[in-house]
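K.L.:
My questions will all concern the structure given below.
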Amino acid sequence: MTTTRRLVDRISRQLALPSNPADRSRRLIETEWLVTNGLGGYASSSMANVITRRYHGVLVAALPNPLGRVVMLNHLGERVITHDGSVWLNDEDLLGGPVDERTGRQIKSARLEAGLPVWDYELDGVRLEKRVMMPHRQNTVYVTYRLVDGPDSVRIELIPAVHFRGYEDRVDSPHNSPSKTRYAMSLAGGVHVLSVEDDVPPLRLMIVGEGEGAQRFVADERVTSEFVYPVEESRGYEFRGSLWTPGHFEIEVSRGNCATLVASVEDENVMRSLTTDEAPRFEHERRRRLIMASRPEARDETGAQLVLAADQFIITPTGRIADSTRAAALGNEIRTIIAGYHWFTDWGRDTMISLEGLTLATGRQREAAYILRTFAHYVRDGLIPNMFPDGSNEGLYHTADATLWYFHAISRYLQSTDDRATLVHLLPELVSIVDHHVKGTKFGICVDERDGLLHQGAEGYQLTWMDAKVDGWVVTPRRGKAVEINALWYNALRLLQGWLEDVRGPDSAAPVRERADRVFQSFNERFWMPDRGYLRDVVDGKPDVAELCRPNQIFAISLDNPVLDRSRWESVVDVVSKRLLTPVGLRSLAPGEPEYKSRYFGDLRSRDAAYHQGTVWAWLIGPWIDAWIKVHPDDRAGARRFLEGVIGDLGEFGLGTIAEIFDAEPPFTPRGCIAQAWSVAEALRCWVKTAPEASTS
């Protein structure tokens, strides 16, 4: 325990800051921090504390449906005033000041400690430390300032600024628009309550200080001038908006002491249940326990950082009250996985791919079981949901692969736990899923009895993981028999065969075994291109996409039951290595192919045109490593080297986590979500798998 405690204490991810102040400011603006609360809520901004996205907020609360995630405290302006009258951190415009050398001068360092952000400010002999944390499963945030050195005391002014809106809403959304000023501030028992005449719960603000420092609230109600969200501008969205502020808090902080702003949408009793000393101490202990419970191979410094990053995605979805009640009645708890921050909700495909890395590598088998049982409840017509829209209780089912990944996730869970009771519980549903696929279910998902392969596709839908669509345009049309869908189909059949033999006896599995045998034969006859040495991406689909060199073929080797004949593995791995492999994952399309895009940028249409047309996906490093080890079983050290790029991304873009995607060419700029579940999950899973003492499983 002592060793683990010391490890938690030294887990620090420093943001590398250039010496030039202007470059420092740029790095602080372009790198973002994220703190989550286990409910889907979060706090996030740039490391310069300049809000550059509509998704940024000091408190983005996860509220019951139909509200979903709501930006409750958009920004916290800061001013520090010394007794000689000098002013710094002069946040007059509520955006941390202009993006200039001043920002770089004042922030001496920025880092994560045990996964939580810390800033050190220094100017004219004044040293101030700032920390942000959220108590687990509370829509509450603590922002703490400590005067480390300098004068006997300073005055800190904090300026809360709000525009209550859904986190996906436009920054100029008329709902609760600051310009229409329906906001009101009241005081009750030392808690300032900021509310609107709407269904949105009030925001409660409280200042807690140490020592004898004076504090007061100065009313100065106003609407800020319109300002720019630069990331939204670059993404082609509305980028001008304003905020409303009721005034500012003034806090006198003496040297060595702290002052904390607590912002919450919880009941006042919940908000006051933890002291400002207990809240960070309890969260630190929770994080220590997470690391202590994880696989031994994940307890080195890199593994521990990934364990803490993984924790951000596992949530209890508070909005689905009926589902939570149903799960509790069965003795379960509802769990799911947020696919990515800031804008993703829980997606079936991402959840099943991520489950092993996020839960099994981290010793959270019980939560893995909750996730698997939760999704079993949502099966409809042989499919699990593709996604749950924010604020909705109903899933959307337009996916051909999420349900097949469900079999994979169950298999990995059973390998980890040998939980026969869960297998017996899920087996009837799994048999039904296969039956629906054989007979045919929604979106054209059905077995072609002429060859036993699985066909999918419906006009206007994108059903595979290459799912970009904009204005009715399906960017990567893969209707037909997609290579990874049939690799997953074969894997699911072999898994079900084994489970049936185990639970019901060999005779019950005979039809599934025969179907799997046929899939193996047809797959190798129809997908293999001997003249090119790799696999078709789609058969019985559009001719112009059939033979594109894409990473999807790697699953024909990487899955537990490889559908590709062993004699062809080396050739496929060689092609993928030469044409698709990068330091940060696999390209989604090989250079030289039609429509290849080297960069992911611009408005929505431009970005979606590049999303699966060359853009590198970090999560694909996982199946690549699986395939590499199958072909080179004695080269675990070489396999681990493939992780160096994605591990390096822990210090970039989203500090302490891994991006969703990267540009297809050097310098492989991170793009998309700053924190993606399957990117972190696959990096952690493979970090454990390639550890020097790892088993050969």
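The values are calculated or read from the model by the stated rules, or taken from the named source; none is laboratory data. Small disclaimer: the values here were computed from a predicted structure and weren't measured. Every residue, glycine among them, receives a Cβ derived from its backbone with ideal geometry; neighbour counts consider all protein chains shown.
K.L.:
Every residue in the range 205-222 that is among the small types (Gly, Ala, Ser) and within 24 Å of residue 243 (Cα to Cα), please. Lay out the reasoning, then the answer.
P.N.:
Narrowing the range 205-222 to residues among the small types (Gly, Ala, Ser): 209, 211, 213-214, 219.
The one that is among the small types (Gly, Ala, Ser) and within 24 Å of residue 243 (Cα to Cα): 219.
So that you can scan it fast, the table gives a plain yes or no per residue for (1) of a type outside the set (Gly, Ala, Ser); (2) not assigned by TED's automatic domain parsing to the domain that holds residue 200:
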site: 267; (1), (2): yes, no
site: 273; (1), (2): no, no
site: 307; (1), (2): yes, yes
site: 311; (1), (2): yes, yes
site: 314; (1), (2): yes, yes
site: 326; (1), (2): yes, yes
site: 330; (1), (2): yes, yes
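K.L.:
Here is a follow-up. Among the candidates 118, 8, which residue alone is of a type in the set (A, V, I, L, M, F, W, C), at pLDDT 90 or above and farther than 25 Å from residue 168 by Cβ?
P.N.:
Working: 8 fails: at pLDDT 90 or above.
That would be 118, the only listed residue that is of a type in the set (A, V, I, L, M, F, W, C), at pLDDT 90 or above and farther than 25 Å from residue 168 by Cβ.
K.L.:
State the number of residues belonging to the range 388-397 that are modelled with pLDDT of 90 or more and out of contact with any Pro (no Cβ under 9 Å at 6 or more places or on another chain). Give the steps one after another, and end with the answer.
P.N.:
Here is the first cut: in the range 388-397, the residues modelled with pLDDT of 90 or more are 396-397.
After this cut, where a residue has to be out of contact with any Pro (no Cβ under 9 Å at 6 or more places or on another chain) as well, the list is none.
Residues that pass the stated criteria total 0.
K.L.:
Further question on the same structure: With 559, 650 as the choices, which residue is under 26 Å from the mean Cα position of the chain (by Cα), hydrophobic (A, V, I, L, M, F, W, C) and assigned by TED's automatic domain parsing to the domain that holds residue 689? Can you show your working first?
P.N.:
Numbers: 559 fails: assigned by TED's automatic domain parsing to the domain that holds residue 689.
When all the criteria are applied, what remains is 650.
K.L.:
State the number of residues belonging to the range 156-186 that are part of a loop (DSSP other than H, G, I, E, B), without any contact (Cβ under 8 Å) to a residue 12 or more places away in the chain and under 30 Å from residue 81 (Cα atoms).
P.N.:
Summing the residues that are part of a loop (DSSP other than H, G, I, E, B), without any contact (Cβ under 8 Å) to a residue 12 or more places away in the chain and under 30 Å from residue 81 (Cα atoms) in the range 156-186 gives 0.
K.L.:
State which residue pairs qualify: first residue assigned by TED's automatic domain parsing to the domain that holds residue 562 and closer than 24 Å to residue 557 by Cβ and inside the range 502-528, second residue among the hydrophobic types (A, V, I, L, M, F, W, C) and in a strand (DSSP E or B) in any location, beta carbons under 6 Å apart, and separation of 6 or more residues or different chains.
P.N.:
The qualifying pairs are 526/539; 527/535.
K.L.:
Give the range 643-656 a look and list any residue that's out of contact with any Asp or Glu (no Cβ under 8 Å at 6 or more places or on another chain), part of a loop (DSSP other than H, G, I, E, B) and closer than 19 Å to residue 15 by Cα, or say none.
P.N.:
Correct list: 652, 656.
K.L.:
In the range 313-344, which residues are among the hydroxyl-bearing types (Ser, Thr, Tyr) and crowded, with 23+ Cβ neighbours inside 10 Å? Give the steps one after another, and end with the answer.
P.N.:
Residues of the range 313-344 that are among the hydroxyl-bearing types (Ser, Thr, Tyr), as a first pass: 316, 318, 324-325, 336, 341.
336, 341, listed by residue number.
K.L.:
Mind checking which pairs have a first residue in the range 585-604 that is closer than 22 Å to residue 471 by Cβ and a second that is acidic (Asp, Glu) and at pLDDT 95 or above, Cβ under 7 Å, 6 or more apart or different chains?
P.N.:
Final answer for the pair search is 599/663; 600/663.
K.L.:
Can you list the helices (runs of 4 or more DSSP H) found entirely within the range 546-642 that contain at least 3 residues being acidic (Asp, Glu) and more than 19 Å from residue 478 (Cβ to Cβ)? Full working, then the answer.
P.N.:
Numbers: elements: 555-558, 569-579, 604-611, 621-631, 636-641.
No helices (runs of 4 or more DSSP H) qualify here.
K.L.:
May I ask you to say which residue of 246, 201 is in contact with a Pro (Cβ under 8 Å, 6 or more places away or on another chain), surrounded by 14 or more Cβ atoms within 10 Å (Cβ to Cβ) and either assigned by TED's automatic domain parsing to the domain that holds residue 114 or not in a loop (DSSP other than H, G, I, E, B) (or both)?
P.N.:
Numbers: 201 fails: in contact with a Pro (Cβ under 8 Å, 6 or more places away or on another chain).
Answer to the selection: 246.
K.L.:
Select from the range 75-115 the residues that are among the acidic types (Asp, Glu) and in a strand (DSSP E or B) and write down the one among them that is modelled with the highest pLDDT. Steps first, answer last, please.
P.N.:
Filtering the range 75-115 for residues among the acidic types (Asp, Glu) gives 78, 84, 91-93, 100-101, 113.
From the residues that got through so far, the ones that are in a strand (DSSP E or B) too are 78, 113.
On the way: 78: 91, 113: 96.
The extreme case among them is 113.
K.L.:
Looking at the range 533-544, is at least one residue over 27 Å from residue 631 (Cβ atoms), at pLDDT below 95 and in a helix (DSSP H, G or I)?
P.N.:
There is at least one residue in the range 533-544 that is over 27 Å from residue 631 (Cβ atoms), at pLDDT below 95 and in a helix (DSSP H, G or I).
K.L.:
Mind listing whichever residues of the range 130-150 are surrounded by fewer than 17 Cβ atoms within 10 Å (Cβ to Cβ), over 14 Å from residue 35 (Cα atoms) and not aliphatic (A, V, I, L, M)?
P.N.:
Scanning the range 130-150 gives a single hit, 149.
K.L.:
Going by the structure shown, is residue 235 touching an Asp or Glu at 6+ places or on another chain (Cβ under 6 Å), in contact (Cβ under 8 Å) with a residue 24 or more places away in the chain and not hydroxyl-bearing (Ser, Thr, Tyr)? Before the answer, list the steps.
P.N.:
Working: touching an Asp or Glu at 6+ places or on another chain (Cβ under 6 Å): no; in contact (Cβ under 8 Å) with a residue 24 or more places away in the chain: yes; not hydroxyl-bearing (Ser, Thr, Tyr): yes.
Here the answer is no, as residue 235 does not meet what is asked.
K.L.:
Moving to a separate point now. When you scan the range 444-457, do you find a residue that is touching a residue at least 24 places away in the same chain (Cβ under 8 Å), assigned to a helix (DSSP H, G or I) and farther than 20 Å from residue 353 by Cβ, even just one?
P.N.:
Within the range 444-457 (the criterion being touching a residue at least 24 places away in the same chain (Cβ under 8 Å), assigned to a helix (DSSP H, G or I) and farther than 20 Å from residue 353 by Cβ), the answer is yes, since at least one residue qualifies.
K.L.:
I've got another one for you. State all residues of the range 285-332 that are assigned to a helix (DSSP H, G or I), within 21 Å of the chain's Cα centre (by Cα) and of a type in the set (A, V, I, L, M, F, W, C); if no residue qualifies, say none.
P.N.:
290, 291, 298, 304, 306, 307, 308, 309, 310 - these are the residues of the range 285-332 that are assigned to a helix (DSSP H, G or I), within 21 Å of the chain's Cα centre (by Cα) and of a type in the set (A, V, I, L, M, F, W, C).
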